[in-house]
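What follows is a short report on a single structure.
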Amino acid sequence: MIHPTADVSAQAQIGVNTSIWHQAQVREGARVGNNCIIGKNVYVDKNVIIGNYCKLQNNALLYHGVTLEDGVCVGPQCILTNDKIPRALNSDGVLKGDADWVEGKITVKIGASLGAGSCILPGVTIGKYALIGAGSIVTKDVPDYGLVFGSPAVLRGYVCKCGGTVNKPGEFCSKCTL
């Protein structure tokens with residue numbers, strides 16, 4: 001289902017059973033997998049890749065250069081950036097155009113969760129099933145099952161697939177049924 005107020009490019013690929021809510025925008029070349037939810041006012045930039053079973057909550061911003069693997073949860077107002085050298089003007093005083101930006105890639109691995117209001121800087125890989133705390137600024141790679149939070153985000157421990165805390169990566173917590 002695509003809400004009538006959503007702006008979805010005819011050049012975007014949208015998977016089956018994917019819902020795109022009010023005022024969301026999905027740009028040309030974006031590829032959104034099956035069974036995803038794109039929340040209200042979400043921005044998916046050109047050529048962004050989103051796997052299957054992903055959930056992008058309201059007001060999330062994903063700029064080109066972002067790849068989400070299957071089962072990624074992006075919290076509300078989360079920002080995945082792409083400009084490694086953010087400036088409006090070139091050194092000669094001329095307004096920058098697309099060709100002037102140095103794009104940084106972001107990869108978010110299977111099952112990872114990005115907390116509300118977190119900001120992921122370019123050039124970062126978030127490991128599988130990692131958990132990023134709300135409001136965190138992620139400036140470097142996060143290991144598989146890593147629990148990070150803060151500004152800048154720091155590794156604080158590990159989580160299992162369900163998000164419960166564990167002692168080492170790959171363990172399951174006592175309540176986990178995955």
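The values are calculated or read from the model by the stated rules, or taken from the named source; none is laboratory data. For clarity, every value in this text was computed on a predicted model and none was experimentally measured. Counting neighbours? That spans all protein chains shown, and the Cβs are built from the backbone with ideal geometry, glycine included.
I'm trying to understand the selection: among the residues of the stretch 126-146, which are surrounded by fewer than 20 Cβ atoms within 10 Å (Cβ to Cβ), free of Cβ contacts under 8 Å to residues at least 24 places away in the same chain and among the hydrophobic types (A, V, I, L, M, F, W, C)? Across the stretch 126-146, the qualifying residue is only ILE137. Listed by first and then second residue, the pairs with beta-carbon distance under 9 Å, at least 6 apart or on different chains, first residue in the stretch 148-166 and among the β-branched types (Val, Ile, Thr), second modelled with pLDDT under 90 and part of a strand (DSSP E or B), are VAL159/THR165; VAL159/VAL166.
Can you find, within the stretch 1-24, the residue that is nearest to ILE49 (Cα to Cα) among those that are of a type in the set (Val, Ile, Thr) and at pLDDT 95 or above?
Here the residue is ILE14.
Applying the condition of being assigned to a strand (DSSP E or B) and of a type outside the set (A, V, I, L, M, F, W, C) to the stretch 49-67 and asking which residue is farthest from TRP21 (Cα to Cα) yields THR67.
Conditions (1) under 19 Å from LYS55 (Cα atoms); (2) surrounded by fewer than 20 Cβ atoms within 10 Å (Cβ to Cβ); (3) among the β-branched types (Val, Ile, Thr), marked per residue:
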residue	(1), (2), (3)
LYS96	no, yes, no
VAL108	yes, no, yes
GLY111	yes, no, no
ALA116	yes, yes, no
LYS161	yes, yes, no
THR165	no, yes, yes
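Residue count for the stretch 51-71, restricted to those that are farther than 14 Å from LEU114 by Cα and either over 10 Å from the mean Cα position of the chain (by Cα) or aliphatic (A, V, I, L, M) (or both): 5. If you filter the stretch 1-51 down to residues that are out of contact with any Ser or Thr (no Cβ under 8 Å at 6 or more places or on another chain) and acidic (Asp, Glu), you find that the one that is nearest to THR107 (Cα to Cα) is ASP45.
Pairs meeting the criteria (first residue in the stretch 52-63 and at positive phi, second residue assigned to a strand (DSSP E or B), beta carbons under 7 Å, at least 6 apart or on different chains) are lacking.
Residues that are under 19 Å from GLY123 (Cα atoms), within 13 Å of the chain's Cα centre (by Cα) and assigned to a loop (DSSP other than H, G, I, E, B) within the stretch 15-48 comprise ASP45, VAL48, listed in sequence order. Within the stretch 92-113, is there a residue that is farther than 25 Å from ASN59 by Cα, touching a residue at least 24 places away in the same chain (Cβ under 8 Å) and not basic (Lys, Arg)? Scanning the stretch 92-113, I find no residue that is farther than 25 Å from ASN59 by Cα, touching a residue at least 24 places away in the same chain (Cβ under 8 Å) and not basic (Lys, Arg), so the answer is no.
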